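The values are calculated or read from the model by the stated rules, or taken from the named source; none is laboratory data. Remember, it's a predicted structure, so these values are computed and weren't measured experimentally. We place every Cβ from the backbone using ideal geometry, glycine too, and count neighbours over all the protein chains shown.
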Ligand code: SF4
Ligand code: SF4
């Protein structure tokens, strides 16, 4: 770290290694190599501890869709935890629009290949549905957070995130993944209350540092580019694993690898404003293989990516953001692809979605829509396009959106 380094993450090294595929033997070897410069798994777990592994499932989906943390990464981590004499348990409350109930959790585990992996490698999947309101006095926005019981009862958490683009937050890696400790439908309330990306990002930091994982591991073996993080994105073979004890440091390194400007990632801008890091991307490098040796060419950014950054325009930019947001892309479910499954309707935090059985598609009320893109994120059929309309097209051409 150079003299630019911020107050929080300069002592939190990030490691990265190459891993070509999801063969569990190969992932185990890569994981050992990844964690070695950080002290190995022994630095993060102790014998007899119960360790929650928190993957990104979002919704149940086939591993090759690159939406969920791959079961091979979960299995390799579980085996490494067991080697240290601790007990791993996979805890997740998938996506939005789905209740934190046993049946949807089990279905998401099964569709994502976790049930098969758990049976084969002997680790536990948590099906508990309780949660607890936890006080978070140091927080800026989320001073009380609902946290699922599986995480509350664990002695420690290992964050198993996925390397993906995100239409609302630009990038989802370690920090954003921890929003998943909030049970099912409760997540929608945060979107409704914190519709502005920078406020939502501030809340994500509050939650991430409340959970404070022992280590954050990002599965970028098969990552996602384009309009992620759900079926709208495109799987992209990146062939890497990234890890570190601080989620913000890990995300900065991931963004550098993909060529994503950290100034365009609200959570990293919010972290800089809190003094957690300097804002100089070069202050965060990776041990093992340095960022320069990992950089991905032609990574496809999400459709609403503004390389100049969310805070580039200073106070005027901040003042105009809430107004301009009304002209941002709107979700347009498409007849022919829409199956009327209703998942988007359940996910929408402001009840802007309804199902039009006659037109055989979901419909969005643009006057209610807060452009959180939860519907786009959870649609299992990639049936929702995000389109500019009216003045939005003009603002987009002027590079204001
Ligand atoms: S748009 Fe997608 S999520 Fe919504 S009803 Fe249609 S298929 Fe289901
Ligand atoms: S319709 Fe609008 S407010 Fe509702 S989930 Fe979609 S983007 Fe969010």
Selection status of residue 159, in contact with a helix residue (DSSP H, G or I) (Cβ under 7 Å, 6 or more places away or on another chain) and at pLDDT 95 or above: yes
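Looking at this structure, is residue 219 touching a residue at least 12 places away in the same chain (Cβ under 8 Å), within 20 Å of residue 19 (Cβ to Cβ) and crowded, with 19+ Cβ neighbours inside 10 Å? Spell out how you get there, then give the answer.
Working: touching a residue at least 12 places away in the same chain (Cβ under 8 Å): yes; within 20 Å of residue 19 (Cβ to Cβ): yes; crowded, with 19+ Cβ neighbours inside 10 Å: yes.
In short, yes.
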Unmet requirement for residue 278, which otherwise passes all of (1) assigned to a helix (DSSP H, G or I); (2) buried (at least 19 other Cβ atoms within 10 Å of the Cβ); (3) at pLDDT below 95: (1)
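Regarding residue 234, is this residue more than 22 Å from residue 159 (Cα to Cα) and more than 15 Å from the chain's Cα centre (by Cα)?
yes
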Failed criterion for residue 257 (all others in (1) over 15 Å from the mean Cα position of the chain (by Cα); (2) surrounded by fewer than 21 Cβ atoms within 10 Å (Cβ to Cβ); (3) over 23 Å from residue 135 (Cα atoms) hold): (2)
Test: residue 359 is in a loop (DSSP other than H, G, I, E, B), more than 15 Å from ligand 2 (Cβ to nearest atom) and at pLDDT 95 or above: yes
Residue check, residue 62 crowded, with 17+ Cβ neighbours inside 10 Å and in contact (Cβ under 8 Å) with a residue 40 or more places away in the chain: no
The range 375-393: number of residues that are surrounded by fewer than 18 Cβ atoms within 10 Å (Cβ to Cβ) and within 14 Å of ligand 2 (Cβ to nearest atom): 3
Count of residues meeting criterion [within 6 Å of ligand 1 (Cβ to nearest atom) and over 29 Å from residue 323 (Cα atoms)] in the range 338-360: 5
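Yes/no matrix, rows are residues, columns are (1) away from ligand 2 (no atom under 14 Å from the Cβ); (2) in contact with a strand residue (DSSP E or B) (Cβ under 9 Å, 6 or more places away or on another chain); (3) modelled with pLDDT under 80; (4) farther than 14 Å from residue 372 by Cα:
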site: 310; (1), (2), (3), (4): yes, yes, yes, yes
site: 317; (1), (2), (3), (4): yes, no, yes, yes
site: 332; (1), (2), (3), (4): no, yes, no, no
site: 336; (1), (2), (3), (4): yes, yes, no, yes
site: 339; (1), (2), (3), (4): yes, no, no, yes
site: 349; (1), (2), (3), (4): no, no, no, no
site: 354; (1), (2), (3), (4): no, yes, no, yes
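Rundown of residues vs (1) closer than 15 Å to residue 58 by Cα; (2) surrounded by fewer than 24 Cβ atoms within 10 Å (Cβ to Cβ); (3) under 14 Å from the mean Cα position of the chain (by Cα), yes/no style:
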site: 106; (1), (2), (3): yes, yes, no
site: 140; (1), (2), (3): no, yes, no
site: 152; (1), (2), (3): no, yes, no
site: 160; (1), (2), (3): yes, no, yes
site: 186; (1), (2), (3): yes, yes, no
site: 198; (1), (2), (3): no, yes, no
Condition met for residue 268 (in the same structural domain as residue 63 (by TED's automatic domain parsing), closer than 18 Å to residue 295 by Cβ, surrounded by 24 or more Cβ atoms within 10 Å (Cβ to Cβ) and over 16 Å from the mean Cα position of the chain (by Cα)): no
Residue tally, condition assigned to a loop (DSSP other than H, G, I, E, B) and either free of Cβ contacts under 8 Å to residues at least 40 places away in the same chain or within 16 Å of ligand 1 (Cβ to nearest atom) (or both), over the range 373-400: 7
Selection from the range 361-372 of residues that are under 11 Å from residue 326 (Cβ atoms) and either in contact with a helix residue (DSSP H, G or I) (Cβ under 9 Å, 6 or more places away or on another chain) or within 16 Å of ligand 1 (Cβ to nearest atom) (or both): 366, 369, 370, 371
